[in-house]
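All remarks here apply to the structure that follows.
Since every read-out is calculated from the coordinates, none of them should be taken as a lab result. Just so it is clear, the structure is predicted and the values come from calculations on it, not from any experiment. With ideal geometry, Cβ positions are generated from the backbone for all residues, glycine too; neighbour counts draw on all protein chains shown.
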Amino acid sequence: MDARIHNHDCVSSALDSLDFAQSLSLLGAWVDGYVIRCLGEAGFDGLRPGHGYFVQRLLTGPVTATEMARALGISQQAASKAVGELVALGYVALATDESDRRRKTATLTDRGHEAVRRSRRARAALDRRLRRAVGEAQFAVALDALHRAVDELDLAAAVQTRTVRPPTEQS
């Protein structure tokens, strides 16, 4: 028997045991890791998948940690910690509000914006790879199914407003 055929049979039977949610979880974790690896190879060190939720929120403009916490449905302490990490890594800067000196707003730095551009390029390259692998028609069907799942789980508005909650905070 051809080793490739036998290997395909083993892989196929392993994949048959995965349900839709397991497949999504496995793929999501792999994509997160892939993007982080691509960023690291490009010199954007220290980022982890959880930072993405905060970076996405900062794409809407300057916000305080308190505003971010409220928008993401997390504690103010969790938001402050993540913002502090991103500041230390050089992806975010804090500015004091002149009208209220106690208020500090976070914004993406040039490095932060470049990390966003790099991560988008990494995901676009992965999309191209998967389109080639499964074919344009099947890719379109899969993407439609994923979009419908996002809508079914009431995530579309959060995606649009960049307020998707970090996974540990979702219900």
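Observations
- Helix 110-134 vs. the chain, principal-axis angle (Cα, 0 to 90°, nearest 10): 10
- The length gained by stretching the chain between His147 and Ser75 to full extension, at 0.36 nm per residue less their Cα-Cα distance, is 23.1 nm.
- Taking every DSSP helix (H) stretch of at least 4 residues in the chain, weighting each as -39,500 (n - 2.57) and dividing the sum by the residue count yields a mean residue ellipticity at 222 nm of -21500 deg cm²/dmol.
- Arranged from fewest to most other beta-carbon atoms within 10 Å of their beta carbon, Lys104, Lys81 become Lys81, Lys104.
- Cα gyration tensor shape of the stretch 56-116, rounded if a/c is under 1.5, else prolate or oblate by comparing a/b with b/c: oblate
- Net charge dipole size for the chain [Lys, Arg +1 and Asp, Glu -1 on Cβ; Debye, nearest 20]: 620
- Summarising the amide proton neighbourhood of Arg103: residues at separation of 5 or more, or on other chains, whose placed amide H is nearer than 5 Å comprise Asp97.
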